[in-house]
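Report on one structure; see the data block that follows.
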Amino acid sequence: MTQPSDVPDDLDREQIKEYMKNLPEEEREELLMEVQTDDVYPVVNWAPNPAAVKATFNFILDNGTVTYEELRQHLVDLGYADTDEGKYNFGIVSVEDDDPIFNTTGGQEADTEISLTPIGEEIASVFDDRMDLRPVERALLFGLQPYGSGFAYLSLLEEHREDGILRQDLEDAMIDQYSGSGKYFTGYYTSWFSKLGLLEKEQVGRKKKFHPDFPEAW
């Protein structure tokens, strides 16, 4: 039996390498994705506003390749970012070499070029050109974001489904589990999940109470 790492006699490894080199970059990436055996879990980098994520995918898909500065200006024009030229702390795009969603040519620099991987293009194809979020887009964006701390946040909402939970109590519980990061996680997921319609806020005197706005058997 031929082992997976072996090349059959009628195939020449050097010819295969030469063929791959001569393919356009996009076709080469698609072919590599097809033969990739490792599981890939695409997640979006830090991004508290799902509408900004949608706008980013649409902008890059429409233009093919954009720079960090072009993306920053686009998000500023839409009101999704409040950063000056040269500051690219709006998140969303990862500059990791093996990021499954975005290709980048460097770090967070003005002229760093950003494009979509084949997986990124599949994700982008779901979004329409409106600024609001459709239900299918909300579901997709939820899947692109909830790390373990996100599920912990949602589980705390679920535990207090009947009466709700004060924001401070939720933050304290997150700090108990994640130490100093718990406060950051609380603010981050409050912004993300509220914009996806997964929680309701109630004003109780000077305090805020949160209620889950997703089905109990979800």
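What follows is calculated from the coordinates using simple rules that are stated; it is not laboratory data. Keep in mind the model is a prediction, meaning the values are calculated, not measured. All Cβ positions, glycine included, derive from the backbone under ideal geometry; neighbour counts span all protein chains shown.
The table for this structure:
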| item | result |
| --- | --- |
| Qualifying positions in region 36-73 - in a helix (DSSP H, G or I), over 16 Å from the mean Cα position of the chain (by Cα) and surrounded by fewer than 19 Cβ atoms within 10 Å (Cβ to Cβ) | ASP62, ASN63, GLU69, GLU70, GLN73 |
| Filter pass, ASP77 being over 19 Å from the mean Cα position of the chain (by Cα), part of a loop (DSSP other than H, G, I, E, B) and within 22 Å of PRO48 (Cβ to Cβ) | no |
| Residue identified as surrounded by fewer than 17 Cβ atoms within 10 Å (Cβ to Cβ) and part of a helix (DSSP H, G or I) among TYR189, TYR184 | TYR184 |
| The one condition in (1) within 26 Å of ASP132 (Cα to Cα); (2) surrounded by fewer than 16 Cβ atoms within 10 Å (Cβ to Cβ) that LEU198 fails to fulfil | (2) |
